[in-house]
1. What are the residues in segment 106-129 that are open to solvent by 30 Å² or more (accessible area, probe 1.4 Å) and modelled with pLDDT under 80, if any?
2. Would you confirm, using the coordinates I've provided, whether Leu58 is in contact with a helix residue (DSSP H, G or I) (Cβ under 9 Å, 6 or more places away or on another chain) and assigned to a helix (DSSP H, G or I)?
3. Which residue, of Ala152, Ala147, Ala103, is of a type outside the set (Asp, Glu), over 20 Å from Arg53 (Cα atoms) and either assigned to a loop (DSSP other than H, G, I, E, B) or open to solvent by less than 30 Å² (accessible area, probe 1.4 Å) (or both)?
4. Output the residues belonging to segment 106-132 that are assigned to a helix (DSSP H, G or I) and without any contact (Cβ under 8 Å) to a residue 40 or more places away in the chain.
5. Among the residues of segment 41-59, write down those that are hydroxyl-bearing (Ser, Thr, Tyr) and open to solvent by less than 80 Å² (accessible area, probe 1.4 Å).
6. How many residues does segment 155-170 hold that are open to solvent by less than 90 Å² (accessible area, probe 1.4 Å) and among the polar types (S, T, N, Q)?
7. Every residue in segment 61-75 that is under 26 Å from Ile137 (Cα atoms) and not in a loop (DSSP other than H, G, I, E, B), please.
8. Between a first residue in segment 54-65 that is free of Cβ contacts under 8 Å to residues at least 40 places away in the same chain and a second residue that is among the basic types (Lys, Arg), which pairs have beta carbons less than 9 Å apart while being 6 or more apart in sequence or on different chains?
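The values are calculated or read from the model by the stated rules, or taken from the named source; none is laboratory data. All of these numbers come straight from a predicted model, not from anything done at the bench. Positions of Cβ are backbone-derived with ideal geometry, glycine not excepted, and every protein chain shown enters the neighbour counts. Ligands, DNA and RNA are stripped out before the accessible areas are found, and what is left, the full protein with its side chains, is counted by its heavy atoms. Shrake-Rupley method; radii C 1.70, N 1.55, O 1.52, S 1.80 Å.
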Amino acid sequence: FFFQAEDGIRDKLVTGVQTCALPISMTVLRRILGDEQLPHPVGSPTNEAVRTRLIAELESLGLEPEQQSVVVKGIPVVNVLARLTDPSITGRPLLLVTHYDSAPRAPGAGDSGSGVVALLETARALLHAPDRHQHPIHLLFTDGEEAGLLGAQGFVREHTLGNQQPMELNFDAR
């Protein structure tokens, strides 16, 4: 993680990492899941509430999330996508992925609330790091994963970024 850097760059990087470490992940998880911490499977009102809180969290980081609504196998899903890097950065994109829906009988804290928090904290760290990104970096929070990877299928099939063969890192509770 640390590298040979000009004077001051390393200090900025360390300060950024310390700054992003301040929020406690459990606090962020509680904010996303809500006080009730109910199951939020695809298509449910609780899933919509989780998505609304996720979007608010992304906006609080200064990002401009995009919602992708798509129907896969007859089931409507809504993916959330946010670009971390300046649009002038081109090349093969890096896609950091997790899902925000839960199984029908689980609150989704582990699968994959933990992935949601990991991506949010990764975003916080990257936003505080020096701007030396060589590839466009995007966050993708898919919907309908527990129902059969529906959001991922819809993203690859219909979103322009899905057709660019991005490098992908998937954060899930497996």
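1. Answer for segment 106-129, where residues must be open to solvent by 30 Å² or more (accessible area, probe 1.4 Å) and modelled with pLDDT under 80: Ala109, Gly110.
2. Values: in contact with a helix residue (DSSP H, G or I) (Cβ under 9 Å, 6 or more places away or on another chain): yes; assigned to a helix (DSSP H, G or I): yes.
In short, yes.
3. Values: Ala152 fails: either assigned to a loop (DSSP other than H, G, I, E, B) or open to solvent by less than 30 Å² (accessible area, probe 1.4 Å) (or both); Ala103 fails: over 20 Å from Arg53 (Cα atoms).
On inspection, the qualifying residue turns out to be Ala147.
4. Restricting attention to segment 106-132, the residues satisfying the condition of being assigned to a helix (DSSP H, G or I) are 109-128.
Correct list: Thr122 only.
5. Residues of segment 41-59 that are hydroxyl-bearing (Ser, Thr, Tyr), as a first pass: 44, 46, 52.
The answer is Ser44, Thr46.
6. Number of matching residues: 0.
7. Within segment 61-75, Glu66, Gln67, Gln68, Ser69, Val70, Val71, Val72 qualify.
8. Ala56/Arg31; Glu64/Arg83
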